[in-house]
Amino acid sequence: MDAKCPQCERVATLDNDMKHVKCSHCNFETDYENYLEIMKDKAINMASDYVPKRSGL
Ligand SMILES: [Zn+2]
């Protein structure tokens, strides 16, 4: 199963048991839970780019 590599943004491989993500392009390797955390952080960072910083918060 294909997954997006959070490090080089090329195609990484997700094991059939959905427990391990590995990228053959940049040798990125992690377990799936950590992969989801990384992608979640990336999504938050991406979203924050579209939100103007508000003062007084
Ligand atoms: Zn990679």
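The values are calculated or read from the model by the stated rules, or taken from the named source; none is laboratory data. It should be emphasised that the depicted structure is a prediction, and the values quoted were computed from it without experimental measurement. Keep in mind that these areas ignore ligands, DNA and RNA; they rest on the heavy atoms of the full protein, side chains included. Shrake-Rupley method; radii C 1.70, N 1.55, O 1.52, S 1.80 Å.
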Open item on the list: Being open to solvent by 80 Å² or more (accessible area, probe 1.4 Å) and part of a strand (DSSP E or B) is the filter here; which residues of the range 12-44 pass it?
Closed with: 22, 29
Task: Test for residue 29: is it modelled with pLDDT of 95 or more and of a type outside the set (Phe, Trp, Tyr) - done: yes
